[in-house]
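Down below is the structure, laid out as structure tokens.
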Amino acid sequence: MDSALKPPLRYLSITRHRRLAWWGSAVACLLSVVGMALCWLSPAIGFPLRPGLDFTGGTQIQLERRCEGGCGSLTANQLQRDLRQLSLAADPETGAPAPNLASAQVQLLDGGRSVLLRLPELSPLQAAQLSQGLTGALGPLLPDGTAVNTIGPTLGDQLLKGSLVSLLVSFAAIALYITVRYDRIFAALALLCLAHDILITCGLFAWLGLLAGVEVDSLFAVALITVAGYSVNDTVVVFDRIREQGTALKNLPMSDQVDVAVDATLTRSLYTSLTTLLPLIALIVFGGSTLFWFAVALTAGIAVGSWSSIGIAPTLLPLLSRR
């Protein structure tokens, strides 16, 4: 081969291992679809993901136990049994009957020092009755450590619709920009990677909802929008380098051009992903329960997005270009 036709030296030949990359992503996507289907078919969920209080409506109560000499042992199952045996009075203002507490969810935080309860919608009087009724199981409570948040079903429905609309609008805007800015093959691959990253992130939370009861809320929708933007940005960087190399390496096969472009952007992609993941890992470890699953969703989505921009979109480009 003439020296002018030889590709530059490179450390990574991603197209040589493209089938392995495709199989890995295909298995992850299949597991994601299965998890979302199981959530949809589950009578306790009925949606592709387990919806949280933001979307379904209800009351969330957080109680702080007074643990001066150490908190007594307590389990979530024991507290759920106590909730089922607890009877609340009807609301005297609205006349609404006492809610059924059999579906209440219990989460112990900070080693049992804090208790988080997700319940059907309660009136302020019923919430106070519930806190008093659990004093025997929880022990003395801190008077300033009780937090009660109530979201009505109408507001929850509005939040769900608003989150879905924001996701669809953001994805449509990204699709329009990519289609106008790039060749149709590049645009199709960028949108494919976007769908790939969102699907795997949702699939992870579908399995977490099935196995660990993890719910998604409005913060999860924010995480998906962020992941979509990050995914497209990473893919666009690789595609820009491929287009730049098109003139200098036009006599080389497309697979060699892709390898050169991926190798040139690999360090940048890895460093960018790592510096983004570091604060997210700090949020997971130190951010508390409020931001924990939000940080997990961003971490998973950004990791998958980095993978798809290196191992999926560039390796499919030679195949589609030939066709």
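The values are calculated or read from the model by the stated rules, or taken from the named source; none is laboratory data. Please read all numbers here as calculations on a predicted model, not as lab measurements. Note: ideal-geometry Cβ built from the backbone for every residue, glycine included; neighbour counts use all protein chains shown.
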* **Considering residues of the range 83-136 that are modelled with pLDDT under 80 and among the charged types (D, E, K, R) only, the residue farthest from the chain's Cα centre (by Cα)** => Glu93
* To do: Using the structure shown, decide if Leu176 is surrounded by 15 or more Cβ atoms within 10 Å (Cβ to Cβ), among the aliphatic types (A, V, I, L, M), assigned to a helix (DSSP H, G or I) and not assigned by TED's automatic domain parsing to the domain that holds Leu63.
  => no
* Structure fact -> Taking the range 228-241 and keeping residues under 14 Å from Leu191 (Cβ atoms) and of a type in the set (Val, Ile, Thr) leaves Val232, Thr235, Val236
* Has the range 95-108 got at least one residue that is in contact (Cβ under 8 Å) with a residue 40 or more places away in the chain and in a helix (DSSP H, G or I)? -> no
* Asked: So which residues in the range 187-199 are more than 9 Å from the chain's Cα centre (by Cα) and either in contact (Cβ under 8 Å) with a residue 60 or more places away in the chain or not in a helix (DSSP H, G or I) (or both)?
  -> Ala188, Leu189, Ala190, Leu192, Cys193, His196, Asp197, Leu199
* To do: Check the range 227-235 and report whether any residue there is modelled with pLDDT of 80 or more, closer than 13 Å to Ile310 by Cα and surrounded by fewer than 18 Cβ atoms within 10 Å (Cβ to Cβ).
  => yes
* To do: Output the residue which, of all residues in the range 271-309 that are crowded, with 19+ Cβ neighbours inside 10 Å and in contact with a strand residue (DSSP E or B) (Cβ under 9 Å, 6 or more places away or on another chain), is farthest from Leu117 (Cα to Cα).
  => Ala297
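Among the residues of the range 149-160, is there at least one that is hydroxyl-bearing (Ser, Thr, Tyr) and in a strand (DSSP E or B)?
Kept after step one, since they are hydroxyl-bearing (Ser, Thr, Tyr), are these residues of the range 149-160: 150, 154.
Next cut, in a strand (DSSP E or B) only: 150.
Within the range 149-160, one or more residues are hydroxyl-bearing (Ser, Thr, Tyr) and in a strand (DSSP E or B).
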* Asked: Here are some residues: Leu49, Leu86, Leu74. Which one is aliphatic (A, V, I, L, M) and under 21 Å from Glu215 (Cα atoms)?
  -> Leu49
* **Close pairs (7 angstrom Cβ cut-off, 6 or more residues apart or separate chains): more than 16 Å from Ser255 (Cβ to Cβ) and of a type in the set (A, V, I, L, M, F, W, C) in the range 3-32, modelled with pLDDT of 90 or more and not in a loop (DSSP other than H, G, I, E, B) anywhere** => Ala28/Ile200; Cys29/His196; Cys29/Leu199; Cys29/Ile200; Leu31/Gly203
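Could you tell me whether the range 204-225 includes any residue that is over 24 Å from Gly57 (Cα atoms) and either part of a helix (DSSP H, G or I) or in contact with a helix residue (DSSP H, G or I) (Cβ under 9 Å, 6 or more places away or on another chain) (or both)? Lay out the reasoning, then the answer.
Kept after step one, since they are over 24 Å from Gly57 (Cα atoms), are these residues of the range 204-225: none.
No, that holds for no residue.
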* Structure fact -> Per the filter on the range 160-217, residues among the hydroxyl-bearing types (Ser, Thr, Tyr) and within 27 Å of Arg118 (Cβ to Cβ) are Ser163, Ser166, Thr201
* Structure fact -> Filter the range 109-130 for residues that are in contact with a helix residue (DSSP H, G or I) (Cβ under 9 Å, 6 or more places away or on another chain) and part of a helix (DSSP H, G or I); the one that is surrounded by the most Cβ atoms within 10 Å (Cβ to Cβ) is Leu130
